[in-house]
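As structure tokens, the structure follows; a few thoughts come after it.
The values are calculated or read from the model by the stated rules, or taken from the named source; none is laboratory data. Keep in mind that this is a model prediction, so the values were computed, not measured. All Cβ positions, even for glycine, are placed from backbone atoms using ideal geometry, and neighbour counts span all protein chains on display.
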């Protein structure tokens, strides 16, 4: 089973929406939580596709053979940048 493809966004009701399909993926608008908690939960869930992609890029280094060190450094820096952007999306208010 595959997950709904990203990117995912958040609406004003704290729902996580699959942008391409315009359908809800998750509802984080719980009445027993604060708006801040609901926002944080929705951001984390909405960032899941980017976080998964960043982790896959980092894990892929185990299966690659690099001829030149500069290629490894370039790919590693790109994976690091993707991971940092995903983390920022998941945690920024």
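The figures follow:
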{"read-out": "Test: residue in segment 18-29 that is assigned to a strand (DSSP E or B), under 13 Å from the mean Cα position of the chain (by Cα) and modelled with pLDDT of 90 or more", "value": "yes"}
{"read-out": "Residue check for residue 3: surrounded by 11 or more Cβ atoms within 10 Å (Cβ to Cβ), touching a helix residue (DSSP H, G or I) at 6+ places or on another chain (Cβ under 8 Å) and at pLDDT 90 or above", "value": "no"}
{"read-out": "Scope segment 30-62; condition within 20 Å of residue 93 (Cα to Cα), under 16 Å from the mean Cα position of the chain (by Cα) and modelled with pLDDT under 90; matching residues", "value": "50, 51"}
